[in-house]
Structure formats: structure tokens, C-alpha cells
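Below is one structure; the comments refer to it alone.
The values are calculated or read from the model by the stated rules, or taken from the named source; none is laboratory data. Note that this is a predicted model, so its numbers are computed, not measured. With ideal geometry, Cβ positions are generated from the backbone for all residues, glycine too; neighbour counts draw on all protein chains shown.
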Amino acid sequence: MESEKLGAFIAQLRKERGMTQRELADALHVTDKAVSKWETGKGFPDLKLMEPLARALGVSLVELLQCQRQEEPTLTAEQADAVVSRAMGQSERVTALRYLRLFRWLLTGLAAACALALLPQASYWLYMTWFSLSHDLGIIGGADGPTAIITITRTFDPPVWLSVGLPVLGLVLCVIFAVKVGRLERKLK
């Protein structure tokens, strides 16, 4: 079942009954934005909403799932099974897409955190290699008295594999998995 076809059928039935999207949404206890997504084919109603949706639109569940009005009052068991399995497949696909999108965003956030963890090491490396000044200290003080110098030293210098290796590994893995999840999303659409 195509979500665009179902959406057009829902919109047609809603308009035939003289209902607004808000009225249909209130009858189903969902938002009017959800109804709008269904009607534009950008979303699919949950399976638990299909029966109340059919009642609210004045059609049978089979008619709603087939996206057309039926002249015959009954279907064979095989036809009903086929319609229900198509609807369940569409619902599972929409749910899988939702979770894949969420997982991709999580991977993107983790990749950003790994990149941010590398910034202090990168700035320290730049400072030490390009901007480092001479460490020779001359006589401190002048005609107006002694000069105080505050130095900052690292008390804990983590090993390179911990401070650089793990964030780089995390960044690479997150990018690889995010690309694979993106490909899965495109296959499911």
C-alpha cells in the first residue's frame, strides 16, 4: 500500500464527510499535523488507528486498507490477509525509517563529540609545533622590581592512544555507521 494513495483516499473521505483535518484529528486523538502528513503521503497512520480512522471516515477497514470503496460487502480470507499484510508491512517500514533516522542523528552527535574531543589535542599540537616560543629564560626583573611569571603545566598527560586514538576511532566508526544507516533509509523509502 502506497502512503500517497492512502493519503489521497483519506483526504477524499474526510472532505466528503465535510470534516476539517482538526476535526478528524480530534476524533482520533492525534494532532492535525499527523492527519496532514497522512494526507500528503509523508506519514502513515499507526495500525492501532486504522479501525478508528475507518469508523470516523465512514468506511470499512478493508475499504480503507485497499484505498477504494467496495461494491461487494465481503472479501475472501486470502484478500483480507493480503490487505492486512500490506498495511502491516507499510507500518513496519515507516517505524523502521523513524528508528533509522533517530539512530543516524545519534551517530552524527557522537561523531561531533569525538571531533570536539580532538580539538584540545589539535590545538596543543599546533601550539607545540608551529607557535612554540623559545624556552630559554633570561634574567627576570627590571629597574622597577621583580616580575612574576605564571606558568601552566599539564599535571596529567594522557597517552596518545587515549587522547587521540579513541576519538579518531570513534569518529571513523560513527561516520561509517551513519553512511550505512543512510543507505538503509534510502532502500526502505
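Tabulated data for the structure shown
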{"item": "Residue check, Glu51 closer than 26 Å to Leu188 by Cα, surrounded by 15 or more Cβ atoms within 10 Å (Cβ to Cβ), among the acidic types (Asp, Glu) and touching a helix residue (DSSP H, G or I) at 6+ places or on another chain (Cβ under 7 Å)", "result": "no"}
{"item": "Residues of the stretch 92-125 satisfying the condition of being modelled with pLDDT under 80 and touching a Pro at 6+ places or on another chain (Cβ under 9 Å)", "result": "Gln121"}
{"item": "Filter result for Arg93 (buried (at least 17 other Cβ atoms within 10 Å of the Cβ), assigned to a helix (DSSP H, G or I) and touching a residue at least 60 places away in the same chain (Cβ under 8 Å))", "result": "no"}
{"item": "Residue list for the stretch 1-59, filter: hydroxyl-bearing (Ser, Thr, Tyr), under 22 Å from the mean Cα position of the chain (by Cα) and part of a loop (DSSP other than H, G, I, E, B)", "result": "Thr31"}
{"item": "Pair list, Cβ under 8 Å, 6 or more apart: the stretch 172-189 residue over 19 Å from Gly109 (Cβ atoms), other residue of a type in the set (D, E, K, R)", "result": "Leu188/Arg93"}
